[in-house]
Amino acid sequence: MPFNILVVVEKNSWMDFHLADSLVCMGHTVTRFYFGNCVNEFYGYKRRQEQIEKNHALLTTAKKLQDTSGLDLIFCYVYDDFLLPKYAEALSHLNVPMVNYNVDMPSHWFRQIRIAPYFDIMLCAERRNMEHLARYAKKVFYFPMAARSLQSNKVSISSEKKYAVTFLGTAFPCRRRIIAELVKSSIPLSIFGKCWDSVKSDDYIRNTSQVLFYALHYVWPRFKAEGLGDLWKSFLRYCSPHHKTEFFASTQSNIFKGELPAENMITLFQQSKINIGLTRYIDDDPNIFGHCQMKLRDFEVPMAGGFYLVEKSPGYEEMFVDGEEVVMWRTLPELIEKIHFYLKHDDERETIASRGQKRAMRDHTWTQRFQSLFTELALHE
């Protein structure tokens, strides 16, 4: 039986294609409510009325759906930054199952604690900090990232290898440092994504009201959960400027290919001999094991049949077998060594990619994730 589902997410993001569209492909009726262009968007005092109006519009949309076509599930990916506790409570009074997803559990688990009590389940993309979030929630549920299967994407497998080594992603400072070192090592790179050909980074700007909001609502919960040491380190990272990252000379500009349309991503993964995965979220020394977390890309590349050389994240070894379905690295020297090795061993590389795709299609589709959620909610298709 198909469900009527209200999906509350940011606009123009991966959530449309992976979450909302996957539900549509499963046969469900999906209504999308876009609260803004970024989950990190902060409203503050000056935009308070705008925030209230958007919250009211969300509640009105949910009520209208319930009164007309019916409403079986409210699936959200929102932070306290947008959804006000008053409106989260009002939504809960509709007696419709409500879930809220957190894909940044290592560093942003706390940004949903004010609204968590009103959701039936808080979904967590990683197990780290689940026990902390559970103090504020009725229930937490492990809901790791996944990928859409090739069948739903309607693309064919490409055997042509147009690129040697590729990376797809935004030029965050920690990524700049690693890519700069690969350039120095004469690795044949092709880089796709935003901001690589400029000194600009994609870090969002924090303002005073945002800092005060975080201090008021999150310092004490984080102190109780993480302790003074980890909280102090987070504070220093928050307030300190990033390490100076290398800019790339114009003679190297040929490695930057610009942004890649979403419809071309799967072809890129298939046409690359090696797809690099950079998963650290702190600007660590690349020569040591960094602070990493699983990313959407960690499932997209294997699903497409691409060979994936990924920075190891906690929990990823549960998803794929290192050396058999993907290959993981931990430090920059190890990354460089493995790039050179797998560029010379085509058969071994292709065998690993094939095994990775089979594992992804068997265990890591969004359809499987949602079916497990429906079972947890006792919703019967």
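The values are calculated or read from the model by the stated rules, or taken from the named source; none is laboratory data. Computed from a predicted model, the values in this text were never measured in an experiment. Methodologically, a virtual Cβ is constructed for each residue, glycine included, from the backbone with ideal geometry; neighbour enumeration extends over all protein chains shown.
Here are the numbers:
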read-out: Which numbered condition N95 fails, given (1) free of Cβ contacts under 8 Å to residues at least 40 places away in the same chain; (2) surrounded by fewer than 17 Cβ atoms within 10 Å (Cβ to Cβ); (3) not in a loop (DSSP other than H, G, I, E, B); value: (3)
read-out: Cβ-Cβ under 8 Å pairs, at least 6 apart or on other chains, segment 19-45 side under 30 Å from L212 (Cα atoms), far side among the basic types (K, R) and at pLDDT 95 or above; value: F35/K54; G36/K54
read-out: Candidates E334, E318, E325, filtered to the one that is free of Cβ contacts under 8 Å to residues at least 24 places away in the same chain, surrounded by 14 or more Cβ atoms within 10 Å (Cβ to Cβ) and not polar (S, T, N, Q); value: E334
read-out: Positions within segment 40-72 being under 14 Å from Y87 (Cβ atoms), of a type in the set (A, V, I, L, M, F, W, C) and either in a loop (DSSP other than H, G, I, E, B) or out of contact with any strand residue (DSSP E or B) (no Cβ under 9 Å at 6 or more places or on another chain) (or both), in sequence order; value: I52, L59
read-out: Check on F172, out of contact with any strand residue (DSSP E or B) (no Cβ under 7 Å at 6 or more places or on another chain), surrounded by 18 or more Cβ atoms within 10 Å (Cβ to Cβ) and at pLDDT below 90; value: yes
read-out: Residue list for segment 50-92, filter: farther than 20 Å from E10 by Cα and either buried (at least 21 other Cβ atoms within 10 Å of the Cβ) or not charged (D, E, K, R) (or both); value: Q66, T68, S69, G70, L71, A90, S92
